[in-house]
Amino acid sequence: MMIKQLRNKRIWRFFCSIKLALTLLVLITIASIIGTLIPQGLTLDEYIRGYGKTLYNLFAVLGFVDIYHTWWFILLLSLLGLNLLICSLDRALKFSRRTAGLIITHFSLLLILLGALISALFAQKGFIGLYEGEAKDIFFIKDKPYKLSFKLSLEKFNLEWYEPKTHQVIVYLKDRKKKFTYSVKPHEERRIEGTDYSFTVLDYIPNFFIDQDGKIMRKSDLPNNPALSIQISHPQRAIEQRWIFAKFPSFSSNVNKDIKFIYNWKEMIKEFQSYVKVIDQGEVVLSKMIRVNHPLKYKGYTIYQTSYNPDELNWTGLQVVKDPGVALVFAGFIFLNIGLVITYYVKLKS
């Protein structure tokens, strides 16, 4: 009865209007475009390097560096949610088989907006770095510490590389001052353009090492010192073999000074994994290997594998995320599809 009385009020008609909904949608779209064009959540130094201090100060005042948490963006979402709620109630008073799908659709959009608001107000997205054997319950959001109700312990960090199927070799000719770049497969002979030279990749060692007896060894599978063994041929010269090193391009066991080879090695990470334990109230309650797209979930937090340090392979960087609004957003999309199906079904039957 109260809703029926309110329907005659100007304020009800205002919040129920399509014009208001379209205006709010346009404003939210513009804000979202700005939030896409201007990176969100960077450090002060990164913003100043990218935009300068004056422009950064303007962005900070307007809230453009953290749009989705500003009061005015949350207000726009709230007004749109209120608009959808009143429209849903208005439709519910005219409930029929024809309006059922539309009411469910309005309800689904309301759920999505509510989830987005909860995420904007309460979501946490931070970072925690761990060394092997270390346990922490503190993560950081923009250099501000936050405490977990449990500890994360890194048991082991593992990094895997792809074995390269082709090798990029750069060739310099001293007399002609020319440079050529070739992608060469192992044991494939490649002719150097405009010359009688050719070369063949004989061997690849990811971590080149020479022992005390002068024997060349593969110290490990870690690409700490990638090296190629190449054979250089010329019809008027003796065949030469030399090692070229990716991280030491100036060092080479070359005999022929007229031609120089550079190994342009590119790091190709296959996967990085963190073996983590969750310690709650002094006891290990969960163990999991975290890798890309395979996070750890515990007490509403999701822990993602995000980074590593090539100079410290006993360290890992993990992203800590808690977003209580996600479930409502997912539920909203489910109801949205249901509402659309019902709407089209009713139209087809009528």
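The values are calculated or read from the model by the stated rules, or taken from the named source; none is laboratory data. It should be emphasised that the depicted structure is a prediction, and the values quoted were computed from it without experimental measurement. We place every Cβ from the backbone using ideal geometry, glycine too, and count neighbours over all the protein chains shown.
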Identity of the residue in segment 73-82, out of contact with any Leu (no Cβ under 8 Å at 6 or more places or on another chain) and in contact (Cβ under 8 Å) with a residue 12 or more places away in the chain, that ends up surrounded by the fewest Cβ atoms within 10 Å (Cβ to Cβ): L82
Single condition Q281 does not satisfy, out of (1) more than 30 Å from I170 (Cβ to Cβ); (2) loosely packed, with under 12 Cβ neighbours inside 10 Å; (3) under 25 Å from the mean Cα position of the chain (by Cα): (3)
Within segment 299-329, considering residues that are among the aromatic types (F, W, Y) and modelled with pLDDT of 90 or more, the one farthest from S287 (Cα to Cα): W315
Of all residues making up segment 249-273, the number that are loosely packed, with under 14 Cβ neighbours inside 10 Å and free of Cβ contacts under 8 Å to residues at least 60 places away in the same chain: 4
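Does D203 meet the test of being surrounded by fewer than 17 Cβ atoms within 10 Å (Cβ to Cβ), under 19 Å from R242 (Cα atoms) and under 37 Å from the mean Cα position of the chain (by Cα)? Spell out how you get there, then give the answer.
On the way: surrounded by fewer than 17 Cβ atoms within 10 Å (Cβ to Cβ): yes; under 19 Å from R242 (Cα atoms): yes; under 37 Å from the mean Cα position of the chain (by Cα): yes.
Yes, satisfied.
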Segment 35-72: number of residues that are part of a helix (DSSP H, G or I), at pLDDT 85 or above and buried (at least 16 other Cβ atoms within 10 Å of the Cβ): 6
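Name the one entry in L93, L114, L130 that is modelled with pLDDT of 85 or more and in the same structural domain as G35 (by TED's automatic domain parsing). Show your work before the answer.
Working: L93 fails: modelled with pLDDT of 85 or more; L130 fails: in the same structural domain as G35 (by TED's automatic domain parsing).
Just a single option satisfies the conditions, and that option is L114.
Just a yes or no: is a residue in segment 134-141 assigned by TED's automatic domain parsing to the domain that holds W315 and buried (at least 18 other Cβ atoms within 10 Å of the Cβ)?
Step one: of segment 134-141, the residues assigned by TED's automatic domain parsing to the domain that holds W315 are 134-141.
Then drop every residue that is not buried (at least 18 other Cβ atoms within 10 Å of the Cβ), which leaves 139.
Yes, because at least one residue in segment 134-141 is assigned by TED's automatic domain parsing to the domain that holds W315 and buried (at least 18 other Cβ atoms within 10 Å of the Cβ).
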